[in-house]
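Peer 1: Dumping the structure here so I can ask a few things about it.
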Amino acid sequence: MSHCDAVVIGEVELVIDRLLDDLEQGEMRGTYKSATLHPMKGLSMPRYDLLKKHRYVNKTFVQTSRGCHQGCTFCAEPLMNGLRFRYRPVDEVIHEMENCGARTISINDADFFGTPERPKEVMRALKGRNIQWQAGVTSKLAQDDRMLELAAESGCTLLSIGFESISRSTLTSVHKHVNRPETFAALVEKVHSYGIMVFGLFMYGFDGDDLSVFDDTVKFNRDADYDACAYSTLTPYPGTLTWYEMKKANRIVSFDWTMYDQGHVVYRPAQMSPDELRIGVERAYANFYSTSSIAQRFPLRGKRHRAQWVIYNLFMRRGSATEHIESIAEPTAEPGFAPMPPILPVKREWRAAVLEAAGGPGPHMA
């Protein structure tokens, strides 16, 4: 509130009419809080005509659910949308896909394969509609052959999977228990067998990462034949457990929230300098999207969508060469206000850790 006229707390759909009415009348009322979560029924069609389409590979996003069952310590999803799933009616999802003006769709869920049966309902409804789609999923249900079979039959061309790290101990430390690195290569091969590409999402800067992590991860990605990869810098989003831990240890360097974008280094890594983290991420991109790597990984056989494969690799290659010019955030003073727990109820096993990271129970914990 020291920087703006109004703040929306919670999901905006339930308060946007009131906010816009107040704005029109010049009577902004500070905070606008949604007391409940949106039921996910009757959502309006996004204004796709406002999108700067030349800047993106994916231009049309449809959300079928909100929420995620995974409680990863670095992720803001549980803070925004909770640990339970809420679903849009399948007929409303299909209506939006049929009327959004595109035949290539990105399903914009935190985890489209998050539950065993719901995604199958959507995919059965998509069959025969001549829509190509992609989605973000976690590794567990992506092992399900029936899920992958339905995905391929209904037009899926790519799955983005949050692998995060090839270190089991790192994944355990951040509560990413669903991921098992010893299964990653076999999972990529299985998804490929259905003619679907794998976009691997990896993160650098965990406390267990040393200088070897960059080259080791890229070698693994190339050997396992990932179609594309995105490498991000760990970002301690305010309100997450990772944030509490780093703040307690005085490791947060920048409190400039515009730098919290998974591209800038805003904290002191445990086993390397901020500059070494920056250089390592740049090197990972350069090596994975080198000419030799692209030639090695090109899908000569199988049913993967080769034109889309080329577009993704060339787009990521170009972006990695231009977007990481200076990625260390300037140090800032600590603000007068900072998030303290609990922002939202968290899983039982988090509670002791959140208390400890916050310095023990106090008045704010009442």
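The values are calculated or read from the model by the stated rules, or taken from the named source; none is laboratory data. Everything numeric in this text was worked out from a predicted model, so none of it was measured. Here the Cβ is made from the backbone with ideal geometry for all residues, glycine too, and neighbour counts use every protein chain on show.
Peer 1: Mind checking which pairs have a first residue in the stretch 290-314 that is assigned by TED's automatic domain parsing to the domain that holds Ala228 and a second that is of a type in the set (Asp, Glu) and modelled with pLDDT of 95 or more, Cβ under 6 Å, 6 or more apart or different chains?
Peer 2: Arg297/Asp225; Trp309/Asp227
Peer 1: Counting only residues that are loosely packed, with under 13 Cβ neighbours inside 10 Å and either free of Cβ contacts under 8 Å to residues at least 40 places away in the same chain or of a type in the set (Val, Ile, Thr) (or both), how many does the stretch 29-52 have?
Peer 2: Adding up the residues that qualify gives 11.
Peer 1: Report yes if Thr31 is at pLDDT below 90 and polar (S, T, N, Q), otherwise no.
Peer 2: On the way: at pLDDT below 90: no; polar (S, T, N, Q): yes.
Spelling it out, it is not the case that Thr31 is at pLDDT below 90 and polar (S, T, N, Q).
Peer 1: Can you spot a residue in the stretch 259-275 that is within 27 Å of Met80 (Cβ to Cβ), modelled with pLDDT of 95 or more and among the basic types (Lys, Arg)?
Peer 2: yes
Peer 1: Right, next: Restricting the search to the stretch 36-67, which residues are among the small types (Gly, Ala, Ser) and part of a loop (DSSP other than H, G, I, E, B)?
Peer 2: Filtering the stretch 36-67 for residues among the small types (Gly, Ala, Ser) gives 42, 44, 65, 67.
If the condition is that a residue be among the small types (Gly, Ala, Ser) and part of a loop (DSSP other than H, G, I, E, B), then Gly42, Ser44, Gly67 are the ones that fit.
Each row is one residue, and each column tells you yes or no for (1) touching a Gly at 6+ places or on another chain (Cβ under 7 Å); (2) under 24 Å from Gly71 (Cα atoms); (3) not in a loop (DSSP other than H, G, I, E, B).
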| position | (1), (2), (3) |
| --- | --- |
| Phe206 | no, yes, no |
| Asp209 | no, yes, no |
| Asp215 | no, no, yes |
| Phe220 | no, no, yes |
| Tyr231 | no, yes, yes |
| Tyr244 | no, yes, yes |
| Lys247 | no, yes, yes |
| Thr258 | no, no, yes |
| Glu276 | no, no, yes |
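Peer 1: If you go through the stretch 145-192, how many residues are closer than 24 Å to Lys303 by Cβ and surrounded by 14 or more Cβ atoms within 10 Å (Cβ to Cβ)?
Peer 2: Selection size over the stretch 145-192: 22.
Peer 1: Restricting attention to the stretch 306-343, report how many residues are surrounded by 13 or more Cβ atoms within 10 Å (Cβ to Cβ), modelled with pLDDT under 85 and over 25 Å from Thr240 (Cβ atoms).
Peer 2: 3
Quick grid of which residues meet (1) under 21 Å from the mean Cα position of the chain (by Cα); (2) surrounded by fewer than 18 Cβ atoms within 10 Å (Cβ to Cβ); (3) closer than 15 Å to Ser320 by Cα:
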site: Phe202; (1), (2), (3): yes, no, yes
site: Pro236; (1), (2), (3): yes, no, no
site: Val253; (1), (2), (3): no, no, no
site: Arg268; (1), (2), (3): no, yes, no
site: Glu276; (1), (2), (3): no, yes, no
site: Ile279; (1), (2), (3): no, yes, yes
site: Ala284; (1), (2), (3): yes, no, yes
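Peer 1: Moving on to the next point. Exactly one condition in (1) without any contact (Cβ under 8 Å) to a residue 60 or more places away in the chain; (2) in a helix (DSSP H, G or I) is not met by Leu79; state its number.
Peer 2: (1)
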